[in-house]
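**Student:** Quick one: this structure, given as structure tokens, is what I'll be asking you about.
The values are calculated or read from the model by the stated rules, or taken from the named source; none is laboratory data. This structure is a prediction, so every number in the text was calculated from the model and none was measured. All Cβ positions, glycine included, derive from the backbone under ideal geometry; neighbour counts span all protein chains shown.
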Ligand SMILES: Nc1ncnc2c1ncn2[C@@H]1O[C@H](COP(=O)(O)OP(=O)(O)OP(=O)(O)O)[C@@H](O)[C@H]1O
Ligand SMILES: [Mg+2]
């Protein structure tokens with residue numbers, strides 16, 4: 001079990017995270033927040049790449065920085081930017097990383113075959129990685145994180161660059177893995193995790209916003225999400241009085257999905273809130289700033 | 001006797017559990033000795049992967065060839081009594097260049113994040129390489145000094161050897177120290193320049209004290225100085241093995 005206790009991280013004068021408390025047991029955790037919220041910062045601390053400015057992180061009661069290689073032995077990590085050697089084949093690179101992870105060559109060779117099969121790269125095992133597509137590289141990265149059969153698996157935006165088919169395959173793989181280990185994945189794509197995560201973690205304003213199941217997080221907007229059809233001309237007015245989540249154009253009319261707290265109108269249809277709605281609602285200021 | 005009970009501060013369950021585990025773990029964790037750590041690293045990672053970089057191997061070969069050439073040619077172009085000085089000056093350079101090269105390549109590489117999360121992380125590989133480089137440089141020094149000593153009767157093998165090795169380790173310590181502080185580049189560059197200039201200036205001015213220091217110090221004193229320096233070196237190397245970066249940015 002990982003316990004993040006009162007952790008803050010500063011880069012020089014800039015505070016990236018402030019007083020974060022978290023607990024992770026076995027299962028799948030989705031770290032969901034928009035760009036720049038501090039996902040990578042939290043993940044790098046969990047992977048011991050950087051240390052908290054304040055607070056401590058414990059694995060089974062031991063400080064992970066003090067555990068040193070004993071922690072890293074149990075860790076599988078995929079960074080947001082997965083670096084590789086251009087002239088290496090996946091097999092060569094994985095053999096190299098297996099050595100750094102202290103895995104014997106014979107054991108590593110078997111494991112590598114099995115993993116490359118799992119990420120559907122069996123037929124390019126010996127091809128140089130400079131000829132790979134972005135999605136293929138990413139899958140080597142996923143395989144690499146699983147080399148040492150880690151108790152703790154931490155993946156920073158693992159689905160970036162994967163096509164829908166590979167995404168689906170990856171979700172199956174994750175569900176499988178999370179049965180007997182601790183898996184944390186970060187993303188800003190809601191659909192990647194909403195169906196598979198045991199718990200969702202959201203960070204806002206450098207602090208923890210939610211750590212809860214998808215159902216409980218969605219419940220915070222119960223009775224506030226509606227859909228209705230309006231004329232195109234009404235859109236501006238509508239936007240002023242409600243929080244617009246999405247809009248769809250059909251036959252000169254707009255179907256809008258929005259949040260309204262207070263009395264509703266008759267022609268509105270109340271719909272069950274989705275995780276995406278909560279995401280758009282909670283981060284509306286941040287997301288607006290981006291557009 | 002005062003039977004008043006001690007007041008137990010309100011600790012939440014989690015804090016207590018962490019504290020207990022912490023105490024237990026500190027007591028239990030077996031700490032591997034430095035040599036046995038190096039041995040298991042050697043066995044598990046293997047030299048092939050510790051020196052996996054083809055560019056690095058090419059670079060090393062080139063440097064070594066240059067150094068040997070220099071050592072052999074140098075006597076033809078300089079006074080014999082300057083030789084000690086040159087050895088003192090040059091011997092650390094090889095080690096330094098190799099170490100810096102490996103350090104920069106490893107820490108600036110885009111694979112840094114991946115390798116940092118492995119059991120044997122970037123700093124441990126660097127420390128191991130530096131150790132190998134220093135052994136390597138010692139052997140090379142020995143050969144060079146032996147060549148000089150055979151060619152020139154005035155040069156005592158033992159003295160020249162001790163001198164060059166002392167220089168080597170002195171420099172290694174400076175380098176390790178610089179690597180573990182931040183602002184690495186500035187410190188390393190100024191150390192190299194300072195070292196080279198300082199030695200050259202002292203030599204060209206033919207300062208008596210400097211020459212005496214190099215030529216006349218009893219060998220026993222040399223040996224003791226060397227011993228102290230080697231111990232310090234190993235101590236710093238062990239620190240590099242456990243080195244953890246405090247900040248996210250590297251300068
Ligand atoms: N090394 C660094 N030095 C200074 N500031 C940094 C550094 N790394 C991150 N930051 C800042 O910390 C904040 C959080 O960054 P972080 O990379 O953790 O965000 P993120 O949630 O992973 O974003 P994204 O979805 O784009 O990957 C950002 O404002 C970023 O500018
Ligand atoms: Mg990120």
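**Student:** Quick one: count up the residues across the range A:68-85 that are over 20 Å from residue A:158 (Cα atoms) and more than 8 Å from chain B (Cβ to nearest Cβ). Show your work before the answer.
**Tutor:** Let us first name the residues in the range A:68-85 that are over 20 Å from residue A:158 (Cα atoms), namely A:68-71, A:73.
Those left that are additionally more than 8 Å from chain B (Cβ to nearest Cβ): A:71.
So the count comes out to 1.
**Student:** Still on this structure, I have one more. Scanning for something more than 23 Å from residue A:186 (Cβ to Cβ) and modelled with pLDDT under 95, does the range A:70-81 turn up at least one residue?
**Tutor:** So in the range A:70-81, the residues more than 23 Å from residue A:186 (Cβ to Cβ) come out as A:70.
In the following step, the residues that additionally are modelled with pLDDT under 95 were identified as A:70.
Among the residues of the range A:70-81, at least one is more than 23 Å from residue A:186 (Cβ to Cβ) and modelled with pLDDT under 95, which makes the answer yes.
**Student:** Please go through the range A:119-136 and pick out each residue that is surrounded by 18 or more Cβ atoms within 10 Å (Cβ to Cβ) and within 14 Å of another protein chain (Cβ to nearest Cβ).
**Tutor:** Once the filter is applied, which keeps residues that are surrounded by 18 or more Cβ atoms within 10 Å (Cβ to Cβ) and within 14 Å of another protein chain (Cβ to nearest Cβ), the range A:119-136 yields only A:129.
**Student:** Based on this model, can you work out whether residue A:102 counts as on the phi > 0 side of the Ramachandran plot, within 13 Å of chain B (Cβ to nearest Cβ) and either within 16 Å of ligand 2 (Cβ to nearest atom) or in contact (Cβ under 8 Å) with a residue 12 or more places away in the chain (or both)?
**Tutor:** Working: on the phi > 0 side of the Ramachandran plot: yes; within 13 Å of chain B (Cβ to nearest Cβ): yes; either within 16 Å of ligand 2 (Cβ to nearest atom) or in contact (Cβ under 8 Å) with a residue 12 or more places away in the chain (or both): yes.
It is true that residue A:102 is on the phi > 0 side of the Ramachandran plot, within 13 Å of chain B (Cβ to nearest Cβ) and either within 16 Å of ligand 2 (Cβ to nearest atom) or in contact (Cβ under 8 Å) with a residue 12 or more places away in the chain (or both).
**Student:** Go through (1) modelled with pLDDT of 95 or more; (2) away from ligand 1 (no atom under 16 Å from the Cβ); (3) touching a strand residue (DSSP E or B) at 6+ places or on another chain (Cβ under 7 Å) and name the single condition residue A:177 misses.
**Tutor:** (1)
**Student:** While we're here: Between residues in the range A:154-171 that are within 14 Å of chain B (Cβ to nearest Cβ) and residues that are more than 12 Å from ligand 1 (Cβ to nearest atom) and part of a loop (DSSP other than H, G, I, E, B), which pairs lie under 6 Å by C-beta distance while being six or more apart or on different chains?
**Tutor:** From the range A:154-171, the pairs are A:154/A:47.
**Student:** Still on this structure, I have one more. Give the residue that is surrounded by the fewest Cβ atoms within 10 Å (Cβ to Cβ), with candidates limited to residues of the range A:3-14 that are at pLDDT 95 or above and away from chain B (no Cβ under 12 Å).
**Tutor:** Taking the candidates together, the pick is A:8.
**Student:** Name the single residue, out of those in the range B:104-132 being more than 14 Å from chain A (Cβ to nearest Cβ) and surrounded by fewer than 21 Cβ atoms within 10 Å (Cβ to Cβ), that is nearest to residue A:93 (Cα to Cα). Before the answer, list the steps.
**Tutor:** To start, the set of residues in the range B:104-132 that are more than 14 Å from chain A (Cβ to nearest Cβ) comprises B:104, B:130-132.
From what is left, the residues that are surrounded by fewer than 21 Cβ atoms within 10 Å (Cβ to Cβ) are B:104, B:131-132.
On the way: B:104: 20, B:131: 25, B:132: 23 Å.
Looking at the filtered set, the residue picked out is B:104.
**Student:** Looking only at the range A:147-180, which residues are within 16 Å of ligand 2 (Cβ to nearest atom) and more than 26 Å from residue A:110 (Cβ to Cβ)? Explain how you work it out, then say what you get.
**Tutor:** Step one: of the range A:147-180, the residues within 16 Å of ligand 2 (Cβ to nearest atom) are A:154-161.
Within the range A:147-180, A:156, A:157, A:159, A:160, A:161 qualify.
**Student:** Please find, among A:128, A:101, the residue that is assigned by TED's automatic domain parsing to the domain that holds residue A:167 and under 21 Å from residue B:126 (Cα atoms). Walk me through how you get there before you give the answer.
**Tutor:** Numbers: A:128 fails: under 21 Å from residue B:126 (Cα atoms).
Residue meeting the stated conditions: A:101.
**Student:** Quick one: residue A:60 ticks every box in (1) on the phi > 0 side of the Ramachandran plot; (2) crowded, with 17+ Cβ neighbours inside 10 Å bar one, so which box is it?
**Tutor:** For residue A:60, the exception is condition (2).
**Student:** Does any residue of the range A:32-52 turn out to be in contact with a helix residue (DSSP H, G or I) (Cβ under 8 Å, 6 or more places away or on another chain), away from ligand 2 (no atom under 16 Å from the Cβ) and over 26 Å from residue B:110 (Cβ atoms)?
**Tutor:** So far as the range A:32-52 goes, no, none of its residues is in contact with a helix residue (DSSP H, G or I) (Cβ under 8 Å, 6 or more places away or on another chain), away from ligand 2 (no atom under 16 Å from the Cβ) and over 26 Å from residue B:110 (Cβ atoms).
**Student:** Regarding residue A:84, is this residue more than 15 Å from the chain's Cα centre (by Cα), touching a residue at least 60 places away in the same chain (Cβ under 8 Å) and closer than 30 Å to residue B:40 by Cβ?
**Tutor:** Working: more than 15 Å from the chain's Cα centre (by Cα): yes; touching a residue at least 60 places away in the same chain (Cβ under 8 Å): no; closer than 30 Å to residue B:40 by Cβ: yes.
Here the answer is no, as residue A:84 does not meet what is asked.
**Student:** Take the range A:41-59 and flag every residue that is farther than 14 Å from residue B:117 by Cβ, within 11 Å of ligand 1 (Cβ to nearest atom) and facing another protein chain (nearest Cβ under 9 Å).
**Tutor:** Matches in the range A:41-59: A:41 only.
**Student:** Moving to a separate point now. Name the one entry in B:77, B:84 that is modelled with pLDDT under 65 and farther than 25 Å from residue A:153 by Cα.
**Tutor:** B:84
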